[in-house]
Amino acid sequence: MASRRDVTKKFAREYAKADRAEKSRILDALVASTGWTRDHARRAIRAAATRKGAARDQQRKPRPRKYSYDALIVLQEVWRLAGQPSGKYLAVVMEDTLCRLVRDRELGKVADRVSDTVIDELRSMSAATIDRYLKPHKAAGYPAAGLSSTRPSHILRSSIPLRTATDDPITVPGFLELDTVAHCGHTLKGEFLRTLSATDPVTGWTMLRSIRNNAFVHVHAGLEWIAKLAPLPIAGMDFDNGSEFMNWSVIAWCDDHHIPITRGRPYHHNDNAHIEQRNGDWVRRHAFRYRYETDDAELDLSTSSGTCHGPQEPPALRQPSTGPDPQRLQEACLRQTQNPYQRLDTATPSDTTPPEPDSPPKLPTCSTSPASPAASTTSSNNSSTSPKHAPFAPDPPPPTIRTFQVRHAST
C-alpha cells in the first residue's frame, strides 16, 4: 500500500501540469500499475496532489459525534432498565420504553439530563448505533464475558457418542442437557462457585444447583439432586467436553443409574443450544457476572437463581414441522404454546419410558464421534456387545411423575 501511495504521489506532480490527453495517459498508467479502477485512481491522484508530506504522516480528522453526551448517559440507563437487550431489540421498543420511563419518572439519577432534544436523539438511533455507543459501557461492566472455565477432556471422547445440532431433534421427555456456569467475576484465578444447570429440551423443565467447584464430590451431589427432583425418569444426558463431565467417575455414575450419555462437538455451542439459552436466560440474568466464592454467597446464589423452573415459567413456543402451509404452521404453533408444567401434563406414555435396568442403555438417534482406526476396529469387533443407537422402545407403561418442591426466585 505504501508503494502505491508513492507511485500516486509521483504521478500527481505530472498530472497537475498535464493537458487532457496527457492526464488520460497518466491515469491509464496508474491503473495498470496499481490495479485500481479509473475513478478511484482519479480521486487518489487528486488527493495526493494536495497532500503535504508522506501519507503515513497525515492525521485523519475524526468524524464529529452525532449524538450528545447526555443522550449517551440516558441511553445507558434506558438499556439497563430495559433488561440489557441488544441494539436490535432496544431500537424496536425505544419509543414505548422512553414514554413509560419518562411518564413514571423511573430514570432516577439521569432524569435531569432528559430533554426533548435528548429524547429525539434516542428515538433516531439505529440498532448499530446503539450497539456501538454501548460497547465501551458493556466492556467495562462485564470485562470477563469472554472467559470460559471449560477445560476439554481428551479421554473417553472416542467412547461417547456424538450428538450434533444437525441430528434429529429430541422427542423424548426426560432427556437432559447439562452444563456448568462459572461465577468467576473478572478472573479465573482462585476458587469460585459454579451453577450446575440441567434442562429438558422437550418440556422446557430446568433445574439449577450451585456447587462449590467442579470436583466430582460436588458434581456428584448435584447429579443426585437432579435425579431426585427430576419430574420424569432421566432418559439420557448430553453435555459438552468439559472435564467436570468427561471423567470416569461421572461415566460410572451414569452407568449405575442406567442413563445413556452423549456429548457435543468442541467449540460448537449450538450442539447444546437449549442449555446455553437457559444459562443466559436464568443464571446470568439473576446472578449476573459477579464473583461468588463464600458459603453465604452460595446460599444467595441458590436463592437468586432458583432451583426448579417449571410452573412459574411463561409459556414458550416450539415450532413444529408442518410443511410450507403458513396457516397450518400458525395453528400448530398456537397448539404447542405451553409452559413446562403443561407439557409434562400432556406427555404421552410412549415418550417417557426409561431404559430397562437389565438391558443395555438405548441412546437417541445421533451421529457417532470420529475415532481413531484402532477404536473403530475395536468397536466393529465388539458390535454384538456395545449398545446401538436406537429410539426408545414403543408401548411402555404409563409415566410416573415424581413429587418435587419448587423454590421461586427472589424478587
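The values are calculated or read from the model by the stated rules, or taken from the named source; none is laboratory data. Bear in mind that the values here come from a model prediction, so they are computed numbers and not experimental data. Quick reminder, even Gly has a Cβ in these numbers, built from the backbone with ideal geometry, and neighbours come from all protein chains shown.
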Count - residues of the range 290-302 that are outside any helix (DSSP H, G or I) and of a type in the set (S, T, N, Q): 1
Residue, modelled with the lowest pLDDT, within the range 35-65, restricted to residues that are surrounded by 11 or more Cβ atoms within 10 Å (Cβ to Cβ) and not aliphatic (A, V, I, L, M): Gln58
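This table checks each residue for (1) among the β-branched types (Val, Ile, Thr); (2) touching an Asp or Glu at 6+ places or on another chain (Cβ under 9 Å); (3) surrounded by fewer than 17 Cβ atoms within 10 Å (Cβ to Cβ).
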residue	(1), (2), (3)
Glu224	no, no, yes
Met237	no, yes, no
Asn241	no, no, no
Val283	yes, no, no
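Within the range 18-37, can one find any residue that is part of a helix (DSSP H, G or I) and closer than 30 Å to Asp131 by Cβ?
If we filter the range 18-37 for residues that are part of a helix (DSSP H, G or I), which is where we start, we get 20-34.
Pick out the ones that are also closer than 30 Å to Asp131 by Cβ and you get none.
Checked the range 18-37: no residue is part of a helix (DSSP H, G or I) and closer than 30 Å to Asp131 by Cβ.
Is it the case, given these coordinates, that Leu188 is within 23 Å of Asn247 (Cα to Cα), in a loop (DSSP other than H, G, I, E, B), within 17 Å of the chain's Cα centre (by Cα) and of a type in the set (A, V, I, L, M)? Please lay out each step first, then the result.
Numbers: within 23 Å of Asn247 (Cα to Cα): yes; in a loop (DSSP other than H, G, I, E, B): yes; within 17 Å of the chain's Cα centre (by Cα): no; of a type in the set (A, V, I, L, M): yes.
Taking the combined requirement at face value, the residue does not satisfy it.
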Of residues in the range 1-28 being among the small types (Gly, Ala, Ser) and surrounded by 14 or more Cβ atoms within 10 Å (Cβ to Cβ), the one modelled with the lowest pLDDT: Ala12
Residues being assigned to a loop (DSSP other than H, G, I, E, B) and closer than 21 Å to Ser149 by Cβ - total across the range 170-185: 2
Tally of residues being touching a residue at least 40 places away in the same chain (Cβ under 8 Å), assigned to a loop (DSSP other than H, G, I, E, B) and within 23 Å of the chain's Cα centre (by Cα) across the range 112-147: 5
Matching residues in the range 81-111 - criterion: being exposed (fewer than 12 other Cβ atoms within 10 Å of the Cβ) and either within 21 Å of the chain's Cα centre (by Cα) or assigned to a loop (DSSP other than H, G, I, E, B) (or both): Gly83, Asp104, Arg105
Count of the range 239-253 residues which are in contact with a Gly (Cβ under 9 Å, 6 or more places away or on another chain) and either modelled with pLDDT of 95 or more or more than 23 Å from Thr203 (Cα to Cα) (or both): 1
